[in-house]
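So the structure is just underneath, and the comments pick up after that.
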Amino acid sequence: MSRPLFIKNASQLVTLGGNAKTPRIKADMSDLRIIENGGVWLEEGVVQAVGKTSDLLEKYTDRLSQADTVDASGLLVTPGLVDPHTHLVFAGSRETEFNQRLEGATYMDIMNQGGGIYATTEAVKQASHSQLFQESWERLNGFLLHGVTTVEAKSGYGLDWNTERKQLEVAKELHEKHPIDVVSTFMGAHAVPLHFKENPEGFVDLIIKEMIPAVAQNKLAEFNDVFCEKGVFTPEQAKKILEAGKKFGLQAKIHADEIEPYEGAELASEIGAISADHLLEASDNGMKKMAAAGVVAVLLPGTAYFLMKKFADARKMIDLGIPVALSTDCNPGSSPTVSLPFMMNLACMNMGMSPAEAITAATINAAHAIDRSKEIGSIEVGKRADITIFDVDHFAKLQYYYGVNHTHTVIKKGKIVVRGGTLVE
């Protein structure tokens with residue numbers, strides 16, 4: 001039986017309580033439910049009490065000697081950050097494409113020349129399970145050091161069943177062995193393989209008839225994602241793939257309207273997707289439909305920044321009533337970063353979000369985007385004890401002091417896994 005953990009004297013304790021059933025929208029995204037001089041009592045990996053430090057000291061007077069204590073004086077305490085869109089498991093690097101883009105090549109130009117997703121697919125095919133595991137483990141360490149306690153991880157760098165399965169099996173092993181929880185998404189529909197270029201419907205059939213049933217049978221993923229984009233998968237093809245996944249119990253996600261308007265937001269609403277991601281070019285009609293359907297918009301400011309594209313209009317989405325979440329989109333081509341706090345800064349500087357909205361988007365709303373809101377995303381009695389402590393005394397300073405990793409302590413399932421900005425072995 002592990003010792004209880006008592007966090008006390010937090011300058012600000014951001015609880016974000018009260019939204020386990022539905023994500024926060026509109027003005028509620030700014031309501032962080034802050035407790036000044038706050039405290040949290042954690043036991044057996046679960047939050048047991050939340051409140052003023054003085055109240056918890058009184059409540060647990062007879063048990064204080066049994067607990068380990070973290071003095072958060074002058075520090076900010078938040079729920080563990082949640083990253084709801086990553087391509088965690090990959091091999092290789094694509095730094096040459098960075099220079100190509102600086103010289104004017106577009107994302108699709110590079111992909112159509114055999115680079116982009118195709119380049120990483122080849123690297124993943126050549127990599128062993130152990131190589132992918134070790135490289136992805138190190139990336140997860142990077143996430144943890146930036147305050148992230150849960151990540152979603154997509155396949156999609158295989159485009160054939162054996163390689164897709166290898167990615168998903170690595171993600172499953174990482175979930176079992178790494179402190180961070182890894183939530184898996186099957187994304188066989190990340191690109192049309194070059195040898196199917198003249199027969200894309202044949203590849204769609206392969207995904208539907210062979211890959212999706214195998215994913216479900218082997219319990220390798222919870223979600224099914226499609227890159228719905230001109231030159232990749234059409235809305236009609238995306239709908240077929242996502243509907244097929246739903247029949248096998250895989251919840252729908254969709255890469256939507258990233259490069260140009262393509263009715264991805266509309267499709268997400270029509271099929272009841274849990275999230276639509278990217279949305280740089282989402283139409284007004286599509287956004288209104290997302291708001292009505294309650295689809296979470298997972299916005300990826302790092303991708304827009306790195307591809308030198310316009311940013312998604314988070315302000316309009318929030319004002320329309322769309323629940324907004326934020327993610328790194330960690331991947332080797334368009335967003336090679338593990339810093340969710342930097343995404344929060346980009347959201348404030350380029351997407352019209354406030355610091356409070358950015359924190360909501362990286363915690364409770366991100367948890368909703370991966371169907372984990374009943375377990376994580378807020379600091380409430382009965383929820384998992386996933387907590388991040390930052391070396392600032394006010395939540396707005398996370399975005400104000402940009403480009404700095406403020407992570408001080410990370411607690412995962414009630415256990416300290418980062419202390420003083422260093423991994424605990």
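The values are calculated or read from the model by the stated rules, or taken from the named source; none is laboratory data. This one's a predicted model, so the numbers in the text were calculated from it and none came from an experiment. Don't worry about glycine lacking a Cβ; one is built from the backbone with ideal geometry, like all the others, and counts go over all protein chains shown. Protein only, heavy atoms only, side chains kept; ligands, DNA and RNA dropped before computing areas. Shrake-Rupley method; radii C 1.70, N 1.55, O 1.52, S 1.80 Å.
Annotations for the structure displayed:
- With respect to the conditions (1) over 19 Å from MET287 (Cβ atoms); (2) in a strand (DSSP E or B), ALA325 falls short on a single one, namely (1).
- Selected residue (criterion: surrounded by the fewest Cβ atoms within 10 Å (Cβ to Cβ)) from residues of the range 228-243 that are aliphatic (A, V, I, L, M) and under 13 Å from GLY156 (Cβ atoms): VAL232
- Restricting the range 334-350 to residues that are assigned to a loop (DSSP other than H, G, I, E, B), of a type outside the set (Val, Ile, Thr) and buried (at least 20 other Cβ atoms within 10 Å of the Cβ), the residue that is nearest to the chain's Cα centre (by Cα) is SER339.
- Qualifying residue in the range 44-59 (condition: open to solvent by less than 70 Å² (accessible area, probe 1.4 Å), under 20 Å from VAL151 (Cα atoms) and β-branched (Val, Ile, Thr)): yes
- Some residue of the range 295-305 being open to solvent by 10 Å² or more (accessible area, probe 1.4 Å) and either more than 13 Å from SER269 (Cα to Cα) or in contact with a Cys (Cβ under 8 Å, 6 or more places away or on another chain) (or both): yes
Yes/no matrix, rows are residues, columns are (1) farther than 30 Å from ASP109 by Cβ; (2) basic (Lys, Arg):
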residue: ARG165; (1), (2): yes, yes
residue: MET187; (1), (2): no, no
residue: PRO193; (1), (2): no, no
residue: ASP205; (1), (2): no, no
residue: LYS219; (1), (2): yes, yes
residue: ASP225; (1), (2): no, no
residue: THR234; (1), (2): no, no
residue: ILE241; (1), (2): no, no
residue: PHE248; (1), (2): yes, no
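- Among the residues here, ILE241 qualifies as hydrophobic (A, V, I, L, M, F, W, C) and touching a strand residue (DSSP E or B) at 6+ places or on another chain (Cβ under 8 Å).
- Selection from the range 109-130 of residues that are modelled with pLDDT under 90 and either buried (at least 16 other Cβ atoms within 10 Å of the Cβ) or in contact with a strand residue (DSSP E or B) (Cβ under 8 Å, 6 or more places away or on another chain) (or both): ILE110, MET111, GLY115, GLY116
Listed here are the residues, each with its yes/no results for (1) of a type in the set (Val, Ile, Thr); (2) surrounded by 21 or more Cβ atoms within 10 Å (Cβ to Cβ); (3) over 27 Å from GLU97 (Cβ atoms).
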site: PRO332; (1), (2), (3): no, yes, no
site: ILE364; (1), (2), (3): yes, yes, yes
site: ASP371; (1), (2), (3): no, no, yes
site: ILE376; (1), (2), (3): yes, yes, yes
site: ILE387; (1), (2), (3): yes, yes, yes
site: TYR400; (1), (2), (3): no, no, yes
site: ASN405; (1), (2), (3): no, no, no
site: ILE411; (1), (2), (3): yes, yes, yes
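- The lone exception for LYS197 - which of (1) more than 25 Å from the chain's Cα centre (by Cα); (2) closer than 25 Å to ALA265 by Cα it fails: (2)
- Test: ALA91 is modelled with pLDDT of 95 or more, within 27 Å of the chain's Cα centre (by Cα), among the aliphatic types (A, V, I, L, M) and farther than 30 Å from SER184 by Cα: no
- Members of the range 136-183 found to be under 30 Å from PHE196 (Cα atoms), open to solvent by 10 Å² or more (accessible area, probe 1.4 Å) and of a type in the set (Phe, Trp, Tyr), listed by number: TRP161
- Failed condition for THR96, given (1) surrounded by 14 or more Cβ atoms within 10 Å (Cβ to Cβ); (2) assigned to a helix (DSSP H, G or I): (1)
- Among the criteria (1) crowded, with 23+ Cβ neighbours inside 10 Å; (2) within 22 Å of VAL182 (Cα to Cα); (3) among the hydrophobic types (A, V, I, L, M, F, W, C), the one VAL70 does not fulfil is (2).
- Total residues in the range 29-43, condition touching a helix residue (DSSP H, G or I) at 6+ places or on another chain (Cβ under 8 Å) and open to solvent by 10 Å² or more (accessible area, probe 1.4 Å): 3
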